[in-house]
């Protein structure tokens, strides 16, 4: 069966997240969005893990649904952790995703991690040992776990980031590199940008929302066509089988680290402009934060536009609430926008039915003219986007410059 999966999200126990980030709300939003499989996020947090055990029940090999609730949305046990450590003379900061097939496995992982960090301090805990040791720790407990470097290009906390990352997978993971089967491209890049590195060809390029509020789930997601089964999904990812069909993407310019810049001085540069300024902010004289586009240019061994034979489908979207808000000229959280959003998903079945699946001619009877035009412009990429930089999200304008 074909389904959408968003496997990297956070709970209300992570810093700077909505208090509504729990599996009850996520199940409802997943159904509204049209997402069949969600990561739980944050299984390392003691209180959240207790909630997961109370609220979820096993329904398929390694997957879960709500007890006594809607069983149309499945969950996979997942977590993100933050490793800050010194390696090869430099401070490294790498975020990793962990996926596990059962509560029993998670309990063993948490027991091993608890003496090495404060699990209760944040849904994304910090550890000070090399990230390669995490791979060995988890796989020694259960070889069916999957370890995935998260948002691999962001400058500050990632595998290949300009500030604290490495130049290749093997440099980071050494002998454990053979157990890394996938990477997450992050909001500020898309697969097409990653295709420029031949070293990534062997890996599955995953895309996830990294959502901190329920409305943000699905802003990036993965398309699978396989059995809804943890072990089958893992097999598809590890072996790059046909069951992985592609990804749903943010427009990467929208990501908050796409371009270079210095937020404090309101400076945003393309890679060429950064080079002209020798990487220095012209306002304050400090170093610019080198963004994802520039970092990929630095490491790439292929030209922009290269498409490898193994490339999967890529679809860029703007969320429906944003389209409605711009069409109505209102804020995205206003009552008018939310009311229209709920009406449309009730009529169409889900947000992704509107954004992805229904023909425009079929949507004409459901959508007001300007919202229909917004969906059409999004599908064709006829948008104006101001790139994000140094922690500032980019801005998409559907109409006007």
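One table, with the values for the structure above:
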item: Residue within segment 245-257 that is more than 23 Å from residue 293 (Cα to Cα) and in contact with a strand residue (DSSP E or B) (Cβ under 6 Å, 6 or more places away or on another chain) present; result: yes
item: The lone exception for residue 309 - which of (1) farther than 22 Å from residue 207 by Cβ; (2) free of Cβ contacts under 8 Å to residues at least 60 places away in the same chain it fails; result: (1)
item: Given (1) in contact with a strand residue (DSSP E or B) (Cβ under 8 Å, 6 or more places away or on another chain); (2) surrounded by 14 or more Cβ atoms within 10 Å (Cβ to Cβ), number of the condition residue 323 does not satisfy; result: (1)
item: Cβ-Cβ under 6 Å pairs, at least 6 apart or on other chains, segment 43-62 side at negative phi and free of Cβ contacts under 8 Å to residues at least 24 places away in the same chain, far side surrounded by fewer than 22 Cβ atoms within 10 Å (Cβ to Cβ) and not in a helix (DSSP H, G or I); result: 57/67; 59/65
item: Single residue of 265, 281 found to be surrounded by 18 or more Cβ atoms within 10 Å (Cβ to Cβ) and either over 16 Å from residue 2 (Cα atoms) or not assigned by TED's automatic domain parsing to the domain that holds residue 147 (or both); result: 281
item: Where residue 287 falls short, out of the listed (1) in contact with a helix residue (DSSP H, G or I) (Cβ under 6 Å, 6 or more places away or on another chain); (2) not assigned by TED's automatic domain parsing to the domain that holds residue 154; result: (1)
item: Helices (runs of 4 or more DSSP H) enclosed by segment 128-225 - at least 2 residues per element that are touching a strand residue (DSSP E or B) at 6+ places or on another chain (Cβ under 9 Å) and farther than 27 Å from residue 356 by Cα; result: 131-141, 169-173
item: Sole residue being over 18 Å from residue 351 (Cβ atoms), in contact with a strand residue (DSSP E or B) (Cβ under 8 Å, 6 or more places away or on another chain) and surrounded by fewer than 21 Cβ atoms within 10 Å (Cβ to Cβ), chosen from 50, 60; result: 60
item: Residues (in contact with a strand residue (DSSP E or B) (Cβ under 7 Å, 6 or more places away or on another chain) and more than 18 Å from residue 145 (Cβ to Cβ)) located in segment 92-116; result: 92, 93
item: Every pair of residues 6+ apart whose Cβ atoms lie under 7 Å, when the first sits in segment 113-137 and is in contact (Cβ under 8 Å) with a residue 60 or more places away in the chain while the second is assigned to a helix (DSSP H, G or I) and surrounded by 19 or more Cβ atoms within 10 Å (Cβ to Cβ); result: 119/113; 123/48
item: Output for segment 69-104, where each listed residue is surrounded by fewer than 15 Cβ atoms within 10 Å (Cβ to Cβ) and within 13 Å of residue 165 (Cβ to Cβ); result: 88, 90, 91
item: Only listed residue being closer than 24 Å to residue 103 by Cβ and either within 20 Å of the chain's Cα centre (by Cα) or buried (at least 19 other Cβ atoms within 10 Å of the Cβ) (or both), chosen from 126, 152; result: 126
item: Subset of segment 130-144 [surrounded by 14 or more Cβ atoms within 10 Å (Cβ to Cβ) and more than 21 Å from residue 57 (Cβ to Cβ)]; result: 130, 131, 132, 133, 134, 135, 136, 137, 138, 139, 141
item: Subset of segment 363-401 [surrounded by fewer than 12 Cβ atoms within 10 Å (Cβ to Cβ) and in a helix (DSSP H, G or I)]; result: 369, 380
item: Residues (without any contact (Cβ under 8 Å) to a residue 40 or more places away in the chain and closer than 20 Å to residue 83 by Cβ) located in segment 186-213; result: 203
item: Search result, residues across segment 230-244 that are surrounded by 15 or more Cβ atoms within 10 Å (Cβ to Cβ) and under 14 Å from residue 2 (Cα atoms); result: 232, 233, 236, 243, 244
item: Yes/no for residue 279 being touching a strand residue (DSSP E or B) at 6+ places or on another chain (Cβ under 7 Å) and free of Cβ contacts under 8 Å to residues at least 60 places away in the same chain; result: yes
item: Answer from 246, 331 - the residue that is assigned to a strand (DSSP E or B) and either under 19 Å from the mean Cα position of the chain (by Cα) or on the phi < 0 side of the Ramachandran plot (or both); result: 246
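The values are calculated or read from the model by the stated rules, or taken from the named source; none is laboratory data. Remember, predicted model here, so these are calculated numbers, not experimental data. Positions of Cβ are generated from backbone atoms using ideal geometry, with glycine treated the same way; all protein chains shown enter the neighbour counts.
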